[in-house]
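The values are calculated or read from the model by the stated rules, or taken from the named source; none is laboratory data. Keep in mind it's a predicted model, so treat the numbers as computed, not measured. Note that each Cβ is placed from the backbone with ideal geometry, even for glycine, and that neighbours are counted across all protein chains shown. Side chains are part of the model used for accessible areas, which takes the heavy atoms of the whole protein and leaves out ligands, DNA and RNA. Shrake-Rupley method; radii C 1.70, N 1.55, O 1.52, S 1.80 Å.
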Amino acid sequence: MCPNTNSLLSDFEIKLRLQRYATSTIKTYKNALAKFFNAFEHKDLAQVNLEQIQDFLHCLQTKDRISSVYQKQILASIVKFYLLYYDRKLELSMLYPKRKPKPLPKYLTAVEVKRLLQQCTNLKHSCILRILYGCGLRVSEVIALKITDIDSTAMCIHIRAAKAKKDRVVPLPQTLLQHLRQYYVSFQPKRYLFEGQYSGKYTAKSIQSFIKKYAQKANIQKRVTPHMLRHSYATHQLENGVHIRYVQELLGHNSIKTTELYTHITKVTKEKISSPLDML
């Protein structure tokens, strides 16, 4: 690796932070760019051409067997680097892997969701399960919720700076509110709605762990994840007649095509908005 590579990566990180990139994206870009720097340690980076980048990727494919996702991340980091440091917009679209059709979302039936909830005797866990399914949130959105994001007067939850830094508002199910009030009295969270042992954010890993445990207790023959509850919310909303455009907005999808994946088992016949949690 070139002697100045570490300082270059540090400066690259600072620039991405100033542009408000997500921490996870910065980490991914830095790691990918470090691999690129290592491959071209004896080259003048300013003179690297398309053919050399193509050979570099081919080498990673054959030797390291990188995934198509990682290939895209490496290309994105290279494009960003040359734009920032050389004011050079690389055209690397021909090196991106072809898009594969997205698999259909895996979801739970309403009966399975009910069985899952019935196995949960921990009040905090129960509220997290209900907010994942009852509001269709991502697990990252749940752990980022603050007490002030729950508006019981307007019966809504504010999701702030979610994916793509977008804010949105989702309805607060009446049954969820009842559980949240009991939870607040019992746990007295200070800042975040769901806090860990030392008052910081609850972790996604903890949520994944207890969901797996309750799914096994409920004898659900599927690998249940937090995101599967979000898929279940979307599927059941469409089954209940909520218009797909509303579901798109509630989920925070940029494209309607993403939401259309949930129409594989549904027929939208009427337009009404209510949480599937209230129908269990």
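Springs join every pair of Cα atoms under 10 Å in this Gaussian network model of the chain, and among LEU117, LEU177, LEU57 the largest mean-square fluctuation is at LEU57. Measuring between alpha carbons in the structure, the pairs from LYS35/LYS63; LYS27/LYS72; LYS43/LYS80; LYS114/LYS166; LYS43/LYS72 lying more than 21 angstrom apart are LYS114/LYS166; LYS43/LYS72.
Listed options for Cα extents along the principal axes in Å are (1) 52, 40, 38; (2) 63, 44, 35; (3) 66, 36, 29. The value calculated from this structure is the one marked (2).
Scanning residues 5 or more positions from VAL242 or on other chains, those with amide H under 5 Å from its amide H are LYS272, with H placed 1.01 Å from N in the peptide plane.
Taking the longest Cα principal axis of the chain as reference, the axis of helix 68-86 is set at about 60 degrees. Helix 174-187 and the longest principal axis of the C-alpha atoms of the chain enclose an angle of approximately 80°.
Annotation for the stretch 169-264: chymotrypsin sites (Phe, Trp or Tyr not before Pro) lying in DSSP loop with at most 15 further Cβ atoms inside 10 Å of their Cβ are TYR198. The GluC sites (Glu not before Pro) found in the stretch 26-94 that occupy coil by DSSP, while having at most 14 further C-beta atoms within 10 Å, are GLU41, GLU91. Once the Cα atoms are used to define both axes, helix 5-18 deviates from the longest principal axis of the chain by about 40 degrees. Computed with a 1.4 Å probe on the full set of protein chains, the accessible area for THR153 sits at about 130 Å².
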